[in-house]
1. Within the range 395-412, is even one residue among the charged types (D, E, K, R), crowded, with 23+ Cβ neighbours inside 10 Å and farther than 30 Å from K271 by Cβ?
2. Looking at the range 692-739 only, could you name the residues that are surrounded by 12 or more Cβ atoms within 10 Å (Cβ to Cβ) and not in a helix (DSSP H, G or I)?
3. Report yes if some residue within the range 581-591 is without any contact (Cβ under 8 Å) to a residue 40 or more places away in the chain, outside the structural domain of N327 (by TED's automatic domain parsing) and crowded, with 24+ Cβ neighbours inside 10 Å; otherwise report no.
4. Return the only residue of K614, K584, K588 being at pLDDT below 85 and either out of contact with any helix residue (DSSP H, G or I) (no Cβ under 8 Å at 6 or more places or on another chain) or not β-branched (V, I, T) (or both).
5. Every residue in the range 545-568 that is farther than 20 Å from S414 by Cβ, among the β-branched types (V, I, T) and either buried (at least 21 other Cβ atoms within 10 Å of the Cβ) or not assigned by TED's automatic domain parsing to the domain that holds K399 (or both), please.
6. Within the range 629-647, how many residues are in contact with a Leu (Cβ under 7 Å, 6 or more places away or on another chain) and either of a type in the set (G, A, S) or not in a loop (DSSP other than H, G, I, E, B) (or both)?
7. Tally up the residues in the range 463-481 that are part of a helix (DSSP H, G or I), of a type outside the set (G, A, S) and surrounded by 15 or more Cβ atoms within 10 Å (Cβ to Cβ), please.
8. With the requirement that a residue be assigned to a loop (DSSP other than H, G, I, E, B) and among the charged types (D, E, K, R), what does the range 577-622 give you?
Amino acid sequence: MRRAYAKGSKSSKGKRSNVFLSILSSALPILVAVGLLYLGWLLLVPASSGALGQLIFDRLFGLLGVCAYPLPLLLGYAAGRFFFGKPEGRIIASLFCALSLLAAAALLATIAPVFSAQAVSAGGAMGAAISGALSGSVGAFGSFVLSLAALLVSLQIVFGIPWVRLASEFGRVLKEDYQSWQRSRKDLSTQLAQARASGPIASPAPTKASVPVAEPEPPREIRPGDEKPKDRKPKVEARPLPPPAGSPYTDYKLPSVELLKPRPAARDTGKPTEAEIQSAISSLETTLKNFGIEARVSGYAPGPVITRYELAPAPGVKVSSIVALENDIALAMRAKGIRIIAPIPGKAAVGIEIPNQRPAMVVLRELLESPALPMGAPLLSFGLGLSAAGEALSSDLQKMPHLLVAGATNSGKSVMIHSLILSILFRARPDEVKFLMIDPKRLELTFYDGIPHLFDPTTAAERVAVITNSKDAAKSLNALVRLMEKRYERFQLFGVRNIDSYNREADKRGQPREFFIVVVIDELADLMLVAQDTVEDSIQRLTQMARAVGIHLVLATQRPSVDVITGVIKANLPCRIALQVISKIDSKVILDGSGAETLQGKGDMLYLGAGMQKAERCQGAYVGEDEINAVSAYLKSQGKPEYPMLETMAKSAEADLSSFGVDPLEFSQALKLVLERRRVSQDLLKSQFGSSARATNLLSALEVKGLINKPEGTNRWDIHFDQIEDYLRQHFPQVPIDNK
């Protein structure tokens, strides 16, 4: 029992001691924290700390001087390392905290007399003692160097401060600032020299020299003196060929650009300000740095809708790593969508196109008045729009030689078509260029009904109009193929290779010239839906061979899918314009690559010309409905469509029907009967006209003209009511069909 009691009393004492140690270990950090807070308070406000606090403040300030103020921070850091750090680092942290405090006191005591001989030692008694000992041994300068070295080493060991890296970064910033200053001085001197040479200018262009440039010379489009006001007006050149003798358009006058809206004022150009550009550059570089990519903006080109920033990556940085951050860059720049050009053709830089906050409107008049589209340019030249750098762009349809335009609804596709048509109408007479317009939607190209430039190889000039029926469009394209073959036969007889050579040879021989034919199809998908085989075959033949004889195609569609833009069509249409599309798949169908899905819409386009490796971005010109009506009205006042009768044109209704033994009056009555009864048969026609032979002739005429057809394997006639209505309106306008 005595042994058990002794053992129990011993174990209880051990438990009591463990409980006491746990309570002490928990309370000690709290006590240390309270003490440090009190020490900091009495150092900051010694007057309100009482007698004890005032005494402690006097002693600490007397010993350490100004270095007494960071004492609570160093003690707190050492206490934190002691209680929460690794055991092997406690002693070292405490020692070097004390060393840093003493080194700082000695440093202050050394440099204080330099500023004031009567100054009290800023390092206190301890700092003065250490400084005096070091000065007596190595002098005042040696004391300063040793104290500073001891302070830096102790702080690096305690806090892990990379002094070498900080010094290198500081030196790099100073170097870049100095280089930027040097470039600013150089650009300013260049501008002043140009100003002296050209005389006084009304409003100086804003300088962009603050942007660092990687190359010795900055990009041409970002220099402030590139665009001069005197370069805006084009040189008016003489027309290459005057109207031939006997032409119905000898008195024809080209429309004036005054019919179009003028270019917007300078304040509405939409280009970002210098402050916005610098902010975007800073955000762009910071974003890349956050992802570990070293790169800097080497130049920029502000345009009407987007601003392109040229990014120069550091050596060893992969271009693919920048392309992979497309969405992250768009998020950081708060942009609806960006486009990355990796790399920019001809430059050692990656292009990042960011939309402007205030996009500008580009008008067609601005392009027609620019040097990119002078009057002496080729007849089929048209204005594309403004480039990403704000420069006017144009292209020549004769060199393309055909064009595919595709984009989603409301992306600006039809407006781009109007811009192309009007660009040619402002510069070409009707005897030089004619348009075969096909508009299944009946909304866009019908504005041009009645202008003297209209053409249809199946219709006489007095009845020509914009084609709105898909079946008629297929017939016209097929007839155009036959017209192409006839022209090739004529060119062969003249021994020439193209239409320009033929016209020169025709002038020598006194023969009539041939005119260019531009085929504009506003919605290819509708034609492919109704008669894909016929339309695709005709387009294939025309795109393969029609260039030399002056026939050029402009195909537009809002459904860029593989069943509309087939491989056969794409193979013969190397020049393409892509407006905004919904997905990357649609972009690949048009351009064989992505990019069109990131466009901003409203005329923002990518142009891929023949031989171009990458598509070029530009902003198309806007043409309003009132402008189109004004130009069309002026053209109608200049004359009516005039062109000779062609072999591809259908005969008159009387002559054509007589070959079937059908009277025109009976045929019109038969058409009226079919529309009323909504059916056709031998018995129906026999009961109406009283003769089986007449009924047979009428059925044959209806079938040959494509108004009815009997599918294979059936005994039922399919009736094309819309074609019957069109035939009646065209050949028998006196027959009422609206109230059938």
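The values are calculated or read from the model by the stated rules, or taken from the named source; none is laboratory data. Please read these numbers as outputs of a predicted model, since none were measured by experiment. Cβ: placed from backbone, ideal geometry, glycine included. Neighbour counts: every protein chain shown.
1. The answer is no, given that none of the residues of the range 395-412 is among the charged types (D, E, K, R), crowded, with 23+ Cβ neighbours inside 10 Å and farther than 30 Å from K271 by Cβ.
2. K705, G706, L707, I708, N709, K710, W717, I719, H720, F732, V735, I737
3. yes
4. The unique qualifying residue is K614.
5. V549, I551
6. Final tally of qualifying residues: 4.
7. Of the residues in the range 463-481, 7 are part of a helix (DSSP H, G or I), of a type outside the set (G, A, S) and surrounded by 15 or more Cβ atoms within 10 Å (Cβ to Cβ).
8. Scanning the range 577-622 gives D592, K602, K614.
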